[in-house]
Amino acid sequence: MRFSKRFLTIALYSLGVTGAIYISITRLVREGNSSVFVIFALLALFIFVSEIFIDYVYKNKKLEINFDINDEVNEASEVLNKILLPFLLFIALFGYTYFNFSARFVFIVYAIIYVSFLMLFLNIKAFFELDVKTQKNTNLVYDLIKFVTFFCFVDTILNLFNAGTISSVAYVILYLALFVILSYLFLIRYVKENQQIRRFLWIQFFAGLFSLTIIFLLGNYSPLLLSLSAFFVFYSSLAVIHHIVDNTLSKWVVFEYALVLVMALSVLIGVG
């Protein structure tokens with residue numbers, strides 16, 4: 001009964017955040033009402049912060065949050081993934097919805113967003129309650145949010161670039177910064193050594209340059225298709241790194257991801 005009540009509460013919080021974001025964009029796009037947009041955007045942020053604050057207030061007394069890098073809990077990683085990452089998702093989602101409001105695909109994205117916030121709130125509550133089992137079952141949400149954020153953010157900055165709002169230099173800087181920052185948030189959850197993290201970040205930087213080259217070569221295609229192309233590169237590069245960390249990387253694994261990437265890009269080019 002307790003779990004059912006907790007799940008229902010979290011489901012309502014998730015619905016509130018997702019709904020507030022959607023309503024804010026709806027009013028802005030359809031009516032040009034910036035005041036309502038700001039009110040509902042702040043409401044979504046308020047619901048999100050309130051949920052975290054309530055979980056923190058009622059946290060397990062055994063949980064110590066002291067930012068001591070030598071203890072069991074990596075507080076810096078937890079703060080970045082539980083607060084900064086969702087904040088980036090907020091921005092990316094506002095931008096994506098603004099430029100793709102009439103597209104049917106946007107409802108699929110919002111369904112994914114709802115599930116993401118649902119899993120995120122469950123994970124945050126489990127973290128503060130020291131519920132290890134629920135944490136492990138929902139940890140995947142952070143990777144899901146990174147991938148959704150990347151896709152939505154890339155589509156947003158591509159639309160801004162096509163509209164002449166930002167220059168090509170600004171686009172390149174924003175894109176590479178996004179690629180590296182999200183990669184860093186991924187790495188600090190799986191890699192313990194700072195030197196190894198730096199090496200992997202360089203790999204991701206060059207992977208970002210590679211995907212950027214693909215985008216410019218396919219510049220005549222729609223932002224959605226270009227965003228999907230960049231997404232496949234981002235996902236594949238992180239997947240390979242994950243295999244390296246787990247000592248499961250082989251030439252066949254690399255070949256498999258390379259083949260999937262080529263097939264995905266071929267399909268996207270054919271569709272475009």
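Whole-Hz Karplus values for region 17-28 come out as 5, 4, x, 5, 5, 5, 5, 4, 5, 4, 5, 6 Hz, taken residue by residue from phi with 6.51 cos²θ - 1.76 cosθ + 1.60 and θ = phi - 60°; glycine and proline positions read x. The count of lysine pairs in the chain with alpha-carbon distances below 19 Å, taking only pairs 8 or more places apart or on different chains, stands at 21.
Short to long, the 10 Å bins of the Cα pair-distance histogram for the chain hold 6, 27, 33, 25, 9, 1 percent of all pairs. Neighbour counts of C-beta atoms inside 10 Å place E51, E256, E129, E193 in the sequence E193, E256, E129, E51, starting with the fewest. Structure remark: mean-square fluctuation, Gaussian network model of the chain, C-alpha springs under 10 Å; the largest value among F101, F216, F117 belongs to F216. If you take the Cα centroid of region 9-28 and the Cα centroid of region 201-250, the two points sit 31 Å apart.
With a ≥ b ≥ c taken as the square roots of the eigenvalues of the C-alpha gyration tensor of region 159-231, please select rounded if a/c is under 1.5 and otherwise prolate if a/b is larger than b/c or oblate if it is not? Before the final figure, lay out each step's value.
Details: a/c = 2.64, a/b = 2.24, b/c = 1.18.
In terms of gyration-tensor shape, prolate.
Throughout, read-outs are computed from the coordinates displayed, never taken from laboratory work. A quick note: this is a predicted structure, and the numbers were derived from the prediction, not measured. Because the Cβ atoms are built from the backbone with ideal geometry, glycine has one as well, and the counts that use them run over all protein chains shown.
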